[in-house]
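Data first, discussion second: the structure below is written as structure tokens.
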Amino acid sequence: LQALEGLQALEGLQALEGDYEHVDIPAGSVIYCDPPYSNTNCGKYKGFDSERFHEWARKQDNIFISEYQMPDDFILVADIEKTVLADGYSVGRAKERLYTNQKTWDNLPADFKERVSFNTAEQMDIFSFV
């Protein structure tokens, strides 16, 4: 998310929102999704259909998903331990992870794939290939 915030200054960055299945995503876009995390108390998003989301995400180009865990066919490209508010009051630690689908992974540059190393600070700099 921090990398995306840095991209806001770029011309052509467009934030789209709504039901993900009904958003018209322009060709060549990089898709960043931050859905309600599976198996967590997602408050106002209670009832979010994670399985439906996963099916949609498998079909997308250039998609990156922030989540604690994803089905085995998604590829973990980054993880970082963060402090989180567990219930709005108590503080805990969690591994924030960034995943992509096989379609996106197959199209990433080889040098990016080589840099994906799961215990370095540079792993969150995934948008340098854009």
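The values are calculated or read from the model by the stated rules, or taken from the named source; none is laboratory data. Model, not experiment: these values are computed from the prediction. Quick reminder, even Gly has a Cβ in these numbers, built from the backbone with ideal geometry, and neighbours come from all protein chains shown. These accessible areas exclude ligands, DNA and RNA; they are computed on the full protein's heavy atoms, side chains included. Shrake-Rupley method; radii C 1.70, N 1.55, O 1.52, S 1.80 Å.
Observations on the structure shown:
- For first residues located in region 51-71 and without any contact (Cβ under 8 Å) to a residue 12 or more places away in the chain, partners that are in a strand (DSSP E or B) and open to solvent by 30 Å² or more (accessible area, probe 1.4 Å) and lie 6+ apart or on another chain with Cβ distances below 6 Å do not occur.
- The set of residues from region 1-38 being at pLDDT below 85, among the small types (Gly, Ala, Ser) and either surrounded by 11 or more Cβ atoms within 10 Å (Cβ to Cβ) or not in a loop (DSSP other than H, G, I, E, B) (or both) comprises Ala3, Gly6, Ser38.
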